[in-house]
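Encoded as structure tokens, the structure appears first; notes follow it.
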């Protein structure tokens, strides 16, 4: 259909198409401008982003782990004291053998054991937590003639031995590595000699540590018995010897 025109030759259809084209161009420019502004605003606002919630926040620097406890030293107070309890008791009783049997049975019943026994003395070891209870029971068996209780703190010695043992084991590992790399017989013999000496020291330290552990876990009790006579001798000196013939001394001992 031909374009409608007014008397001046102006085409309304052409004018409408031109207007639509301008609208499309304006929309395109607006879209580009909007995209550019959004991108620019995004870049400018990036440093000003609101902080994330506490539950989702990521720390800028990692949290350092807590340091492990320092190694125990002879003066370290963190270690529980290692105490060795020892008791030496003297008792006067009527029947020694029966009391010896009683102490041996008591020690075994408490989880301890017999160390040595003679005709008049006995040595037992009982768990450390039963030490005072055992002493109280033994003292009831007779008349106390002697009593001595000692406590030996071996914490420093034990800790020092642990450190020395750890160092010795490290040196032994290095010596074994040197022995494998030795290329001369003389070198190998010298390293073996030092390795043997160090091994002996290590075994000695291990034995001492084991002994201290046992002495601390089981307290030692030594008991010596003296037999008490059932008949008391008279301590009264008779003024005349002939009074003894009358049996007066016997009467006084009753």
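What follows draws every value from the coordinates through simple rules; no lab data is involved. None of these values were measured; they are calculated from a predicted model. Heads up, the Cβs are rebuilt from the backbone with ideal geometry, glycines too, and the neighbour counts pull from every protein chain shown.
Below is a table of values for the structure above.
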read-out: Average Cα contact separation per residue, the range 83-154, under 8 Å, 6 or more apart, as relative contact order %; value: 52 percent
read-out: At R0 = 30 Å, FRET efficiency that the Cβ-Cβ distance of residue 200 and residue 121 yields, to 0.05; value: 0.25
read-out: Spacing of the two label points (7 Å from each Cα toward its C-beta) at residue 172 and residue 139, in nm; value: 4.6 nm
read-out: Relative contact order (%) - the range 156-215, alpha-carbon pairs under 8 angstrom, separation at least six; value: 49 percent
read-out: Likely footprinting exposure, 95, 181, fewest C-beta neighbours within 10 Å first; value: 181, 95
read-out: Residue exposure sequence - 210, 80 - by fewest surrounding Cβ within 10 Å; value: 80, 210
